[in-house]
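Below you'll find the structure, written out as structure tokens, and then a few comments.
Just so you know, all these numbers are worked out from the coordinates, no wet-lab data involved. These numbers were taken from a predicted model, which means no experiment stands behind them. Note: ideal-geometry Cβ built from the backbone for every residue, glycine included; neighbour counts use all protein chains shown.
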Amino acid sequence: MDITRRDLFKMAGVAAIGLTAGQSGIHHVHAAPKILKLKAAPVVGSKNVTGTKYTGSAAKVYFTDKIDADHLIKLYNMINGEIFGKVAIKLHTGEPNGPNILPRDMVQKFQAQVPNSNIIETNTMYPGDRDSTAKHRETLQVNGWTFCDVDIMDADGEISLPVRDYFHLPEVSMGKTLVDYDSLIVLTHFKGHASGGFGGSLKNIAIGCAGGQIGKRQVHNFKKTTPPAATDWHDGSMDEYETFMENMADSGKATCDYFGKRIVFLNVMRRMSVDCDCAGVRAAEPTCADVGILASTDILAIDQACCDLVYSAPDSADLRERIESRHGLRQLSAMAEHKMGNTQYELIGVD
């Protein structure tokens, strides 16, 4: 895979700096500007995503290094202009007692500020504590997701959504009740992923909205009728590497196209294990420090920004290895080729 580079100015305080040709910009929204010490960091983009120069527009990605409910709500209020009606909050609620899932108190306070909203989930393809609706509901209780309704969208079946200009999947089977919602908030714990390299907003909807019986098998291109096993990734029973990333882009595009402007993205970069929350208590302990919260109306820009922040972090070797060994940056270039978002972004710091 061809790798290109650009500069991201990593934030160390508060300041204001504009966007200039040839680099992503970072500036702060605040009342009283202060001097910011900037450290230029080489950041990895992926093929067809990031060049050294560009013309035209840049997506806005809002960022804070404060990880709490108040700042989550503050960032959401900067991007929620098109959110209305019955609102779904797509959240990875995790395996039982997972140590890295988003804090329940933070999510509860956030959800309370979104009128007519509830959490949505789907059952898993792999065997475990969430592969049936009954077991899934028990896990929701264990993990404390009891403060609002949680809609397990494939509890009563699945529904297919079309994919325009697909790579491999002309349609993807989603949880049946996804189409009952007017708007979608994608609230993502950004972290590593065993097969995707990283799990950002794309993974949260591409796998997370797909039905457990049909849709997830489509995205993984799982060829067996038996439940999946760890060895299936390497014996040809499931797609991996670039093809899997392209399947995720197909699935994510189906959901993004369905909601149009009525979808927003929030990525929380905390406790970033190399493993997904699917691993539960088996997840590796994070070695990368918490970074912050990002918000955008652009799925490509927000996942690109998170990857750039990972690559600019001095303690991210384990997470970078996970991304690269799984060819995870193909998620970004596949979204770019699908025209799912802007390949350039402006990182806007929020106090």
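Kindly indicate whether THR139 is assigned to a loop (DSSP other than H, G, I, E, B) and under 23 Å from GLY157 (Cβ atoms). Before you say what the answer is, go through the steps one by one.
Values: assigned to a loop (DSSP other than H, G, I, E, B): no; under 23 Å from GLY157 (Cβ atoms): yes.
Here the answer is no, as THR139 does not meet what is asked.
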From ASP290, ASP239, ASP235, ASP250, residue being part of a helix (DSSP H, G or I) and of a type in the set (Asp, Glu): ASP250
Can you pull out the residues in the stretch 321-338 that are in contact (Cβ under 8 Å) with a residue 60 or more places away in the chain and not hydrophobic (A, V, I, L, M, F, W, C)? ARG322, GLU324, SER325, ARG326, HIS327, GLY328, ARG330, GLN331, SER333, GLU337, HIS338
Unmet requirement for GLU121, which otherwise passes all of (1) in contact with a helix residue (DSSP H, G or I) (Cβ under 8 Å, 6 or more places away or on another chain); (2) more than 17 Å from PHE265 (Cα to Cα): (2)
Can you tell me which residues in the stretch 142-163 are assigned to a loop (DSSP other than H, G, I, E, B), over 21 Å from the mean Cα position of the chain (by Cα) and farther than 27 Å from ALA279 by Cβ? ASP156, GLY157
Being among the basic types (Lys, Arg), surrounded by fewer than 23 Cβ atoms within 10 Å (Cβ to Cβ) and not in a strand (DSSP E or B): is that true of LYS224 here? yes
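Kindly indicate the residue of the stretch 175-206 that is assigned to a strand (DSSP E or B) and aliphatic (A, V, I, L, M) and also farthest from MET106 (Cα to Cα) among those meeting that condition.
Initially, the stretch 175-206 is screened for residues assigned to a strand (DSSP E or B), giving 175, 183-189, 191-193, 197-199.
After this cut, where a residue has to be aliphatic (A, V, I, L, M) as well, the list is 184-187.
Numbers: LEU184: 18, ILE185: 15, VAL186: 15, LEU187: 12 Å.
So, considering only residues that are assigned to a strand (DSSP E or B) and aliphatic (A, V, I, L, M), the one farthest from MET106 (Cα to Cα) is LEU184.
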TYR311: passes all of (1) within 30 Å of ILE73 (Cα to Cα); (2) assigned to a loop (DSSP other than H, G, I, E, B) but (2)
Quick one: what pairs do we get from the stretch 302-319, first residue farther than 23 Å from LEU187 by Cβ, second surrounded by 19 or more Cβ atoms within 10 Å (Cβ to Cβ) and among the β-branched types (Val, Ile, Thr), C-beta under 7 Å, 6+ apart or different chains? TYR311/VAL43; TYR311/VAL44; SER312/VAL43; ASP318/VAL274
Output for the stretch 107-143, where each listed residue is free of Cβ contacts under 8 Å to residues at least 24 places away in the same chain and either surrounded by 21 or more Cβ atoms within 10 Å (Cβ to Cβ) or β-branched (Val, Ile, Thr) (or both): THR133, HIS136
Are there any pairs, at least 6 apart or on different chains, whose C-beta atoms fall under 8 Å, with the first in the stretch 58-78 and within 14 Å of LEU187 (Cα to Cα) and touching a residue at least 24 places away in the same chain (Cβ under 8 Å) and the second surrounded by fewer than 16 Cβ atoms within 10 Å (Cβ to Cβ) and among the acidic types (Asp, Glu), and if so, which? ILE67/ASP290; ALA69/ASP105
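Within the stretch 268-278, can one find any residue that is assigned to a helix (DSSP H, G or I), basic (Lys, Arg) and under 16 Å from the mean Cα position of the chain (by Cα)? Show your work before the answer.
From the stretch 268-278, those assigned to a helix (DSSP H, G or I) are 277-278; that's our starting set.
Of the ones still in play, those that are also basic (Lys, Arg) are none.
No, the conditions are met nowhere in the stretch 268-278.
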